[in-house]
């Protein structure tokens, strides 16, 4: 069996000695690599006991610790800002960028409500017209759609608005047959203004007078006349009153259900952020990580080194020595390493969550409340003039 050298107590890092080389040419990483190797070895018991690892094992643990730190950091940033990032260009690197919150995704989510309310959205409203037939009150809109709406196989329409109503009351404001009994024209004639053009034949009246007169016209239509109205059930349109002539056009607006049911309202999403996997965060720049982050990285590298040492020592449960044998601590190392890794990850996530936008605003609100309480205890000055 070859005599494989183990960690001698010192090392000298060169680029290319880590598995991926993410940070090999970062000067700070190069300087810390040998320090981390020595730190991990001494924490594992060197020089009191041999550490069955080489410097490249410590470098591997160091690189993985930096990458894990970056993954946790940027996963937090994605969770915190994904609604603001969705639909943004994937070509823009987001490392060390200030992400400005926006309402783009909220508005995109709200578009569906605008479609249903008929006040916006991203679904096309089509217009159509139906020829009204004498004495026919019920019209099947699905039959009309199959003949006139240019639908694909299996598609159907949904009527959103029907233009079947009497003319607005305001256009009949001066209608002598509206039944309001105001006698305005006689009143104007009595002042000698009857010969003027209609554009100036008005009396000075308060606004509530106009509103009440319009309401009177509408109430007159509702009580004394057969109101224009309709009901729409299962795309069966029933109109009131029953038509008495042929050839009239009833106009309406509709949407195609296939367009509303289509979840890909932005079909040209190439080059845009569509899920958390293509948000353009890359590995962190080690030299820009502060001392708080580096200390976490050192501790995580130690846990990884401890785990590697445990697996190596697990190859042999005991080592024979003259007149006895030595039992290795493989299980203790792996158990301790697993527990330390989990606790470090949990500590890092809690730390990031404490800096979330929601938490910071909550703390700022509490700080403001406490400041107000303190200021209330400050005596007021009395000015004597």
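Taken together, the values in this text are just the output of simple stated rules run on the coordinates, not laboratory data. All values derive from a computational prediction rather than experimental measurement. Every residue, glycine as well, gets a Cβ built from its backbone with ideal geometry; the counts of neighbours run over all protein chains shown.
Figures for the structure shown
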{"item": "Between helix 55-85 and the chain: long-axis angle, C-alpha atoms, 0 to 90°, nearest 10", "result": "10"}
{"item": "Interatomic Cα distance distribution for region 49-116, bins of 10 angstrom, percent", "result": "15, 31, 21, 15, 10, 5, 2, 0"}
{"item": "Residue 245 versus residue 20: modelled label distance in nm, points set 7 Å from Cα along the beta carbon direction", "result": "7.8"}
{"item": "Nearest 10 degrees, 0 to 90: helix 207-224 Cα axis against the chain principal axis", "result": "70"}
{"item": "Net length gained if the chain between residue 79 and residue 117 were fully extended (0.36 nm per residue, minus Cα distance)", "result": "10.5 nm"}
{"item": "Cα-based helix-to-principal-axis angle, 330-354 vs the chain, degrees rounded to 10", "result": "40"}
{"item": "Estimated inter-spin distance, residue 368 and residue 49, nm [label 7 Å along Cα→Cβ]", "result": "5.7"}
{"item": "Estimated FRET transfer efficiency (residue 261, residue 354; beta-carbon r; R0 56 Å; 0.05)", "result": "0.85"}
{"item": "Rounded FRET efficiency, nearest 0.05, which uses the C-beta distance separating residue 336 from residue 90 and R0 of 56 Å", "result": "0.85"}
{"item": "Full-stretch length increase - residue 104, residue 211 - with 0.36 nm per residue and alpha-carbon distance subtracted", "result": "34.5 nm"}
{"item": "Cβ-derived FRET efficiency at R0 41 Å, residue 270 paired with residue 56, nearest 0.05", "result": "0.50"}
{"item": "Spacing of the two label points (7 Å from each Cα toward its C-beta) at residue 292 and residue 31, in nm", "result": "2.2"}
{"item": "Added length on full extension, which subtracts the Cα-Cα distance from 0.36 nm per residue, residue 140 to residue 382", "result": "78.9 nm"}
{"item": "Listed values [x] 35, 26, 18; [y] 80, 33, 18; [z] 45, 19, 18, entry calculated as semi-axes √(5λ) of the Cα gyration tensor in Å", "result": "[y]"}
